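Everything below concerns the one structure shown next.
Laboratory data are not the source of any read-out in this text; all were calculated from the coordinates shown. For clarity, every value in this text was computed on a predicted model and none was experimentally measured. Cβ coordinates were reconstructed from backbone atoms using ideal geometry, including for glycine residues, and neighbour counts include every protein chain displayed.
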């Protein structure tokens, strides 16, 4: 889901995680997104199902080259940024 770092995107991502979904969250600011999710008291219940992927949707050409399913698969294997 895009925009999962703040505001409604963050709240929707949390709701999905708390309902048992696996969430691939995108943000230009991966470290900040990870900090925000890590601050949630119930993070131990869903942290394994949260995957944060760095993506800047303002640069569509860069996304076409750098951001495909292979990148997401690599991200899943890389963990959850210490959340």
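Here are the numbers:
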quantity: Subset of segment 1-28 (residues that are farther than 20 Å from residue 45 by Cα and either in contact with a strand residue (DSSP E or B) (Cβ under 8 Å, 6 or more places away or on another chain) or touching a residue at least 60 places away in the same chain (Cβ under 8 Å) (or both)); calculated: 2, 3, 26, 27, 28
quantity: Top-ranked residue in segment 15-29 [being buried (at least 17 other Cβ atoms within 10 Å of the Cβ) and out of contact with any helix residue (DSSP H, G or I) (no Cβ under 8 Å at 6 or more places or on another chain); ranked as nearest to residue 58 (Cα to Cα)]; calculated: 26
